[in-house]
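Data block below; observations after.
The values are calculated or read from the model by the stated rules, or taken from the named source; none is laboratory data. Note that the coordinates shown come from a computational prediction; the quantities given were computed from them, not determined experimentally. Quick reminder, even Gly has a Cβ in these numbers, built from the backbone with ideal geometry, and neighbours come from all protein chains shown. Note: areas computed on protein heavy atoms with side chains; ligands, DNA, RNA excluded. Shrake-Rupley method; radii C 1.70, N 1.55, O 1.52, S 1.80 Å.
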Amino acid sequence: GRVRSNAKVYNTAEVRCVATVSDNAKIFGEAIISGEAKVYGNAKVSGVVSIFDKSRVFDNAIVEGTSIILYGPKVRVFENAHIYNAAKILGKARVFGNATVKGNALVKGNAKIYGSAVISENAQVMNKARIYTKLISGNYETVAEISGNACINKRIRIFDKKINTGLIK
């Protein structure tokens, strides 16, 4: 692996294969960055985190906690996104803006989570689903929370809703 610029790798964290950590990124804990993954900008990765394949974490994104997996050819976590507590981001999924994915949640396929949306508690967002909050007067003012055992599995757009359980297929 490669560590460039002002990037820092601490504790027992590892950068393997042709993975790259650069700019001001910080990797620590037991994190593993492998394959062709890249972590850069001011991103922080800590805890028991695995970032594989061609996944990217950048800007001011934070990925932390235990049992976190980012794996896929186009997984992107960026801007001010926060991923933690056993979340999994797979495939071509993108999490950005001020979005949060946590608590065993799964985001995969071509799903996009953005704005200030929150995906948590075993929720699953898949395929071409879009979960987001709308920007009103310069602030994210709508609500978009998917939690519980909710499963969103369709080309659907959800904003200004709280869904705690159920299947939207």
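Entry remark, the stretch 101-144: residues being over 15 Å from I158 (Cα atoms) and β-branched (V, I, T) number 2 in total. Any residue at all in the stretch 28-37 that's surrounded by fewer than 16 Cβ atoms within 10 Å (Cβ to Cβ) and either at pLDDT below 95 or hydrophobic (A, V, I, L, M, F, W, C) (or both)? No; the residues of the stretch 28-37 include none that is surrounded by fewer than 16 Cβ atoms within 10 Å (Cβ to Cβ) and either at pLDDT below 95 or hydrophobic (A, V, I, L, M, F, W, C) (or both). Selection of the stretch 4-45 for residues being part of a loop (DSSP other than H, G, I, E, B) and among the hydrophobic types (A, V, I, L, M, F, W, C) yields A7, A13, C17, V18, A19, A25, F28, A31, A37, A43. The residues of the stretch 7-26 that are among the hydrophobic types (A, V, I, L, M, F, W, C) and closer than 21 Å to K74 by Cβ, listed by number, are V15, C17, V18, A19, V21, A25. Against the list (1) assigned to a strand (DSSP E or B); (2) of a type outside the set (A, V, I, L, M); (3) over 23 Å from S34 (Cα atoms), the condition R155 fails is (1). Among the residues of the stretch 115-142, those that are assigned to a loop (DSSP other than H, G, I, E, B) and surrounded by fewer than 15 Cβ atoms within 10 Å (Cβ to Cβ) comprise K128, K134, S137, G138, E141. For the stretch 65-81, the condition of being open to solvent by less than 50 Å² (accessible area, probe 1.4 Å), over 21 Å from V3 (Cα atoms) and in a loop (DSSP other than H, G, I, E, B) holds for at least one residue.
Does G103 qualify as being closer than 26 Å to S67 by Cβ, modelled with pLDDT under 90 and either open to solvent by less than 90 Å² (accessible area, probe 1.4 Å) or polar (S, T, N, Q) (or both)? Criteria not met by G103.
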